[in-house]
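See below for the structure under consideration.
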Amino acid sequence: MNKLTALQHLFFVITGVLVFSGAANTALYKSVDEHGNITYSDKPPMTPKNEQTTKMRDVPPPGDPDAAKKLVKEETELQQRMENREANENEAAEERQRQADLNRFCSDARTNINQYRHSTGRIYRAGENPGERILMDSAMREQEAQRIEEEMKKAGCP
């Protein structure tokens, strides 16, 4: 169930409970303060300039005096579950990205090790001065391959 569907479902449940639970009409107000706290009331609040208040609709009062509190609690729980799900999805996406980055690093490292150990051509590394190139002999190549293997172990390559 996506976020919009869950909110629509909650809206219909709240509307149905409120419509069928009483006879007299009263107003329901929803207020959001500067910290994002949501408050529901049957009386219009004293609204500071930085607080948002919406008159939801004229609805009959509930037959159960705690019905409005229960509905607010259910909406809060639903909103918390949706936020938790979104956070979990974000964490999973970040973990997939970290794993993809690790796989790419490990693959590149293996390629470099193979080149250092099995290439028959010349391999140069940068020197200390700009534009300087140093031809790597077999000992330097093996040393660089071992250094890369150590980096792979630290990174957790399989």
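For I148, state whether it is under 30 Å from Q99 (Cβ atoms) and among the β-branched types (V, I, T).
Here the answer is yes, as I148 does meet what is asked.
Tally up the residues in region 115-133 that are loosely packed, with under 12 Cβ neighbours inside 10 Å and closer than 18 Å to R147 by Cβ, please.
6
Being out of contact with any Leu (no Cβ under 8 Å at 6 or more places or on another chain) and either surrounded by 11 or more Cβ atoms within 10 Å (Cβ to Cβ) or modelled with pLDDT under 90 (or both): is that true of R57 here?
no
Is there any pair with a first residue in region 68-81 that is more than 21 Å from D42 (Cα to Cα) and a second that is surrounded by 12 or more Cβ atoms within 10 Å (Cβ to Cβ) and of a type in the set (G, A, S) whose Cβ atoms are under 9 Å apart and which are 6 or more apart or on different chains, and what are they?
As it stands, the answer is L78/A6; R81/A6, since those pairs meet every condition given.
The values are calculated or read from the model by the stated rules, or taken from the named source; none is laboratory data. Model, not experiment: these values are computed from the prediction. Methodologically, a virtual Cβ is constructed for each residue, glycine included, from the backbone with ideal geometry; neighbour enumeration extends over all protein chains shown.
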